[in-house]
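Novice: Got a structure for you, written out below as structure tokens; questions coming shortly.
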Amino acid sequence: MAKKEETVSLVDTFAEFKELKNINRTTMVSVLEESFRSVIAKMFGTDENYDVIVNPDKGDFEIWRNREVVADEDLTNPNLQIPLSEAQKIDASYEVGEEVTDEVNFASFGRRAILNLRQTLASKILELEKDTLYNKYIDKVGTIISAEVYQIWKKEMLLMDDEQNELLLPKSEQIPTDFYHKGETVRAVVDRVENKNNNPKIILSRTSPVFLQRLFELEVPEINDGLITIKKIARIPGERAKIAVESYDDRIDPVGACVGVKGSRIHGIVRELRNENIDVINYTSNTSLFIQRALSPAHISSIKLNEEERKAEVFLKPEEVSLAIGKGGLNIKLASMLTEYTIDVFREVDENTPQEDEDIYLDEFRDEIEGWVIDAIKGIGIETAKAVLNAPREMLIEQADLEEETVDEVIRILKKEFEEE
């Protein structure tokens with residue numbers, strides 16, 4: 001009796017799992033049948049002569065075995081055959097060649113069979129759980145979800161969704177100023193679903209441009225309704241972002257709609273992104289105009305494009321140069337990311353000023369100036385010797401993060417080059 005109760009409890013166990021993991025009724029019945037058949041096939045070499053009937057409403061099951069009636073002396077396989085004398089105990093009318101169907105008590109197969117059934121069922125349930133998790137989140141890639149911080153490690157955070165599924169937020173996908181405690185709620189976008197060896201991993205991101213795009217879709221109804229389109233996004237997480245928007249309805253100001261009255265719409269996004277500064281600009285297919293808008297708040301005097309190499313030479317008044325480059329070179333870097341053009345900034349030369357000698361790229365001075373110094377200057381968008389000499393000394397010190405002595409030495413070397421010429 002104990003074995004029968006133990007076997008029936010397997011159905012109860014699975015029913016509890018079904019409630020927790022939202023596995024549908026059809027799948028539950030199918031998994032139970034497959035598990036019973038798998039154990040029977042291991043024991044007898046085949047399960048073809050068995051009928052397994054699962055009754056989820058009653059919480060029990062039935063197993064029926066079909067065997068051919070043979071003469072007692074011809075019995076060779078008790079699993080597929082039943083001797084005539086035994087068959088006639090069930091029903092005296094049975095004859096050789098007929099088929100007998102009788103119910104089998106699974107517990108009579110022994111403790112090993114019950115243990116195998118538990119292991120098989122546990123294995124199939126685990127596979128189902130993984131498949132369910134994968135299918136749920138593969139459809140959610142690119143959407144924002146909220147999850148609770150469960151554990152924090154050095155390289156990643158473990159989060160739990162409402163159904164207690166495990167999600168990962170790597171450090172590389174967190175905004176540098178993100179700081180969470182266990183139990184706090186995190187909003188992030190589902191970045192990707194990895195499924196190596198049928199072991200799904202759900203990777204979230206707060207640094208992806210898609211996260212910024214989805215936040216705008218939530219905050220700006222016109223984007224969600226399709227009246228405004230987000231064309232391009234460039235982002236340095238936690239620092240600054242540029243987003244280009246376009247409206248096909250002339251009555252709608254896309255930039256104004258995204259910002260909101262007194263910044264009401266964009267403020268929530270900025271807070272979510274840890275005070276990341278967001279520039280919203282009007283998109284245009286006119287490359288020159290798009291680059292000018294991307295370099296806002298700087299005002300450009302003129303621009304020369306090399307479309308083949310996707311390069312742009314931008315000329316500005318001296319007081320506009322630092323605005324175009326931005327603090328730490330962020331403005332020009334984001335403008336390049338947004339427009340997908342390499343942008344070189346030059347100080348505008350007065351037409352009345354006599355033309356001087358040709359400019360020289362900084363890379364040609366690597367034998368006199370250390371490479372890391374040149375790279376630091378180029379990092380803020382200054383590529384040539386004259387651009388360095390035209391740039392404010394304080395800007396070179398602050399934005400290229402160089403010592404005063406280093407900047408003075410660079411200026412001395414470059415000036416000497418033109419004096420010699």
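Novice: Compare Tyr248, Tyr134, Tyr150, Tyr180 by solvent-accessible area with a 1.4 Å probe and give them largest first, with all protein chains kept in place.
Specialist: Tyr248, Tyr150, Tyr134, Tyr180
Novice: May I ask you to compute the full-extension gain from Arg274 to Ala122, defined as 0.36 nm times their residue separation minus their alpha-carbon distance, rounded to one decimal in nm?
Specialist: Roughly 50.3 nm would be gained on extension.
Novice: Looking at the chain, send over the antiparallel percent of its DSSP beta bridges, to the nearest 5.
Specialist: 75
Novice: If you stretched the chain out fully between Lys311 and Phe418, how much longer would it get, using 0.36 nm times the residue separation minus the C-alpha to C-alpha distance?
Specialist: 35.9 nm
Novice: I'd like the orientation of helix 25-44 relative to the chain: the angle between its Cα long axis and the longest Cα principal axis, in ° from 0 to 90, rounded to 10.
Specialist: Between helix and principal axis, roughly 60 degrees.
Novice: Okay, moving on. Could you work out [θ]222 nm for the chain from helices alone, using -39500 (n - 2.57) per DSSP H run of at least four and dividing by all its residues? Round to the nearest 500 deg cm²/dmol.
Specialist: So the calculated ellipticity at 222 nm is -12000 deg cm²/dmol.
Novice: Which loop trypsin sites (Lys or Arg not before Pro) in the range 199-243, with loop taken from DSSP, have no more than 16 other Cβ atoms within 10 angstrom of their Cβ?
Specialist: Answer by residue number: there is no such site.
Novice: Principal axes first, then extents: for the Cα atoms of the range 58-186, list largest minus smallest coordinate on each axis, whole Å, largest first.
Specialist: 83, 29, 28
Novice: Quote the FRET efficiency, to the nearest 0.05, computed for Asp72 versus Glu33 with a Förster distance R0 of 30 Å and r equal to the Cβ-Cβ distance.
Specialist: The calculated FRET efficiency here is 0.35.
Novice: How far apart, in nm, are two points set 7 Å out from the Cα along the Cα-to-Cβ line at Glu319 and at Asn135?
Specialist: 6.6
Novice: Something else about it: How many percent of DSSP beta bridges within the range 39-107 run antiparallel, rounded to 5?
Specialist: 80
Novice: Right, here's the next one. Taking the Cβ-Cβ separation of Glu394 and Thr185 as r and a Förster radius of 45 Å, what is the calculated FRET efficiency to the nearest 0.05?
Specialist: 0.55
Novice: Once the range 84-123 is represented by equal point scatterers at the alpha-carbon sites, with solvent omitted, what log10 I(q)/I(0) does the Debye formula produce at q = 0.22, 0.29, 0.30 Å⁻¹?
Specialist: Results for the range 84-123 at q = 0.22, 0.29, 0.30 Å⁻¹ read -0.71, -0.93, -0.97.
Novice: On to the next question. Determine the gain in length on full extension of the stretch Val255-Glu404; use 0.36 nm per residue of separation and subtract their C-alpha separation, reporting nm with one decimal.
Specialist: Difference between extended and current length: 49.6 nm.
Novice: Need one number: convex hull volume per residue for the chain, Cα atoms only, in Å³.
Specialist: 264
Novice: A further question follows. Within 10 Å of each candidate Cβ there may be at most 15 other Cβ atoms; applying that plus a DSSP loop requirement, which GluC sites (Glu not before Pro) in the range 277-342 survive?
Specialist: Within the range 277-342, the qualifying GluC sites (Glu not before Pro) (loop, at most 15 other Cβ atoms within 10 Å) are Glu307, Glu308, Glu309, Glu340.
Novice: Hey, another quick one. Compute the distance in nm between two label points, each set 7 Å from the Cα along the Cα-to-Cβ direction, one at Asn79 and one at Ile53.
Specialist: 2.3
Novice: Relative contact order, percent, of the chain when contacts are C-alpha pairs under 8 Å separated by at least 6 residues?
Specialist: Relative contact order comes out at 8 percent.
Novice: Could I ask something else about it? At a Förster radius of 22 Å, what calculated FRET efficiency corresponds to the Cβ-Cβ distance of Gln151 and Ser172, to the nearest 0.05?
Specialist: The pair Gln151/Ser172 has a calculated efficiency of 0.80.
Novice: Pairs of alpha-carbon atoms within less than 8 angstrom and 6+ residues apart define the contacts here; what relative contact order does the range 63-200 have, in percent?
Specialist: Reported relative contact order: 19 percent.
Novice: Here is a further query. Charges only on Cβ, +1 for Lys and Arg, -1 for Asp and Glu: so what's the dipole of the chain about the Cα centre, in debye to the nearest 20?
Specialist: 1360
Novice: Can you give the angle from 0 to 90° between the axis of helix 330-339 and the longest principal axis of the chain, with both taken from C-alpha atoms, to the nearest 10?
Specialist: Once rounded, one gets 60 degrees.
Novice: Moving on to the next point. What angle do you read, to the nearest 10 degrees and between 0 and 90, between the alpha-carbon axis of helix 404-420 and the longest principal axis of the chain?
Specialist: 60
Novice: Starting from the range 85-158, pick out the trypsin sites (Lys or Arg not before Pro) whose DSSP state is loop and whose Cβ has at most 12 other Cβ atoms within 10 Å.
Specialist: Lys154, Lys155
Novice: Shifting gears a bit: For the range 153-232, what percent of Cα pairs sit more than 20 Å apart?
Specialist: The share of Cα pairs beyond 20 Å in the range 153-232 comes to 43 percent.
Novice: I've got another one for you. Remind me, relative contact order of the range 295-421 in percent, using alpha carbon pairs under 8 angstrom and six or more residues apart?
Specialist: Dividing the mean separation by the residue count of the range 295-421 yields 22 percent.
The values are calculated or read from the model by the stated rules, or taken from the named source; none is laboratory data. Please read these numbers as outputs of a predicted model, since none were measured by experiment. Ideal geometry is used to build each Cβ from the backbone, glycine not excepted, and the neighbour counts take in all protein chains shown. Only protein heavy atoms, including side chains, enter the accessible area calculation; ligands, DNA and RNA are left aside. Shrake-Rupley method; radii C 1.70, N 1.55, O 1.52, S 1.80 Å.
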